[in-house]
1. Only one of these is in a strand (DSSP E or B), touching a helix residue (DSSP H, G or I) at 6+ places or on another chain (Cβ under 7 Å) and in the same structural domain as Val230 (by TED's automatic domain parsing): Ile284, Ile270. Name it.
2. So Lys300 passes all but one of these: (1) free of Cβ contacts under 8 Å to residues at least 60 places away in the same chain; (2) in a loop (DSSP other than H, G, I, E, B); (3) more than 28 Å from Arg61 (Cα to Cα). Which condition number does it fail?
3. Scan segment 291-299 and tell me whether some residue there is out of contact with any strand residue (DSSP E or B) (no Cβ under 6 Å at 6 or more places or on another chain), under 24 Å from Leu164 (Cα atoms) and either among the hydroxyl-bearing types (Ser, Thr, Tyr) or at pLDDT below 90 (or both).
4. Examine segment 306-321 for a residue that is buried (at least 16 other Cβ atoms within 10 Å of the Cβ), closer than 30 Å to Asp373 by Cα and among the acidic types (Asp, Glu), and state whether such a residue exists.
5. Being surrounded by 21 or more Cβ atoms within 10 Å (Cβ to Cβ) and within 23 Å of His265 (Cα to Cα) narrows it down to one of Thr117, Thr178, so name that one.
6. Being at pLDDT 90 or above and under 30 Å from Leu126 (Cα atoms): is that true of Leu51 here?
7. Tell me, which residue of segment 280-305 that is out of contact with any Ser or Thr (no Cβ under 8 Å at 6 or more places or on another chain) and among the hydroxyl-bearing types (Ser, Thr, Tyr) is surrounded by the most Cβ atoms within 10 Å (Cβ to Cβ)?
Amino acid sequence: MTGNTNRYSNYTTASTGTDSKDGDKSEKRDLWNSMLYSVASGKRLPEKNMLLLGGTVDSQREFLESLSNNDLRRSLDRNASRLPPVANSFALGYTYYDVLDADQEDTLARISLHTLTSPSPAFASLLQPLLTPQSIPNTLIVLLLDWSQPWRWMRQLREWILLLRTVLVSLSNESKETMEEVMLSWRDRGRGGGTNLDGTAAVAVPDSDLSIPLGPGEWEDALGLPLCVVCQNAEKMEYLEKTQSWKEEEFDVVLQFMRTVLLKHGASLIYTTPSVPSQLPSLIHSSLGIHSLLKKQPLKHNVIERDKITVPPNWDSWGKIRVLREGFDVELVSNGWSVDLDQPFPRPDSDDDDDDAAADSTQADGRERAGRDPQGSSVALYEEAVQDPTMDALQLAGRNTHSTQLEVETIDTQTFFAQQLKVLEAFRQKNDEASRETARHKPHKKLDDDHHLVGGGGGGGGGGEERQAYGSSPEPASPTSENVLEATPHMDTENLQAFFHGLMNRRGAK
């Protein structure tokens, strides 16, 4: 009988059982990790970035309030006191806010805002780390302008574009490739592709593979990032109309210049008014790819109402700009803008150009700055068409012509008082000299000789002579006020007493 020669090792069997238990535990651990990761990624908010450039500290806060609808959120949110602070007082500021859905309950995304108020070249190094291959597809640039000074818009826009060019050129090659892909996708929006102007998916139409070609002046100078220009405080247009005699022609010229230069960058444009509903949230959120899941808010253009202008990206064209008002040379302005952007940065005349003190520059400074603009500059053309009323008033005052402007140049109060004090001192000295001269040559009037004769006469003969002299004496003329004033202080009381004493003697002789 043949025995079983196979031998089994207890060690092998025991070790195999241990490995199977360890494998089950690792599989369970991986399963839990994957579940936790999926839950965490499902609750993770989409993160978007915004570079808020220009304006002031207060205007940036107003923009954030109008964008996030803080008034409505404060009434609905119990934790309104926990709203994030806005730290934009120094250099590169930061804040964030959550985009809520139409029901004000679900959060669609979180937007991180990096703010900058001055286009100083020193801040270029602060913007560069914010633009990475991961953040570029989710980044939007917003530039703030103000209707209180529309004559400075083109110059301000040029400084910011030159600063952004400096930052974008210094990025890595990977970042530049990402920017090129972003710009290609933006350029195809609303041109028969798969996306609408607001970034939503377009309805597929059979036999619609043809895309609309680019027109003249469109996307000739793409920045690499989407750009939106917001012109705040549109209610000041009425102030310009009443005080500066602006007409529809001036407002149309401003709009035509802005639309022409922004068309080269594929940018959007919108006018806003505080406390007035606008399409600003829809424009900004759609540019960042944020869309409501409950209520669709289509983005509509508006070029009719002058205080509610909305020009979405990829909607405008040269033909639509020409229709606004005849006589506008859109090609000349577009070519001139290319000349402006070919200038070095920083420019020699860009120092403190966007500072508040620049608004009080003199006429000579303004003409000198305009003279440094290159030949054919769109900025020079714009400032010639939309002139600063302060410069106009100074020019008219220098030519000594009649001006219908309501504003005047004022000086400091203390300086004015000092000048008037000198004038008053001169008047006082002149009056003192005149008074001393008058007192020196003032005649001292005395009584007539007949008064002396009447006062010195005595006896009967004397009385007859006195009567004859008294009767034959002519009637004295009525003294003038000047004579009375001059004679009164020098009246001789002794002669008066002698005169009346003589009269008494004359009556006694009768």
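The values are calculated or read from the model by the stated rules, or taken from the named source; none is laboratory data. Bear in mind that the values here come from a model prediction, so they are computed numbers and not experimental data. Neighbour counts run over all protein chains shown; Cβ positions are idealised from the backbone, glycine included.
1. Going through Ile284, Ile270 in turn, just one is in a strand (DSSP E or B), touching a helix residue (DSSP H, G or I) at 6+ places or on another chain (Cβ under 7 Å) and in the same structural domain as Val230 (by TED's automatic domain parsing): Ile270.
2. (3)
3. No, segment 291-299 contains no residue that is out of contact with any strand residue (DSSP E or B) (no Cβ under 6 Å at 6 or more places or on another chain), under 24 Å from Leu164 (Cα atoms) and either among the hydroxyl-bearing types (Ser, Thr, Tyr) or at pLDDT below 90 (or both).
4. Among the residues of segment 306-321, at least one is buried (at least 16 other Cβ atoms within 10 Å of the Cβ), closer than 30 Å to Asp373 by Cα and among the acidic types (Asp, Glu), which makes the answer yes.
5. Details: Thr178 fails: surrounded by 21 or more Cβ atoms within 10 Å (Cβ to Cβ).
Exactly one of Thr117, Thr178 is surrounded by 21 or more Cβ atoms within 10 Å (Cβ to Cβ) and within 23 Å of His265 (Cα to Cα), namely Thr117.
6. Details: at pLDDT 90 or above: yes; under 30 Å from Leu126 (Cα atoms): yes.
So Leu51 fits the description; yes.
7. Top of the filtered list is Ser282.
One line per residue, one yes/no per condition, for (1) under 30 Å from Val254 (Cβ atoms); (2) not in a strand (DSSP E or B):
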position	(1), (2)
Pro84	no, yes
Leu108	no, no
Ser112	no, no
Thr132	no, yes
Val142	yes, no
Met154	yes, yes
Arg158	yes, yes
Leu184	no, yes
Arg189	yes, yes
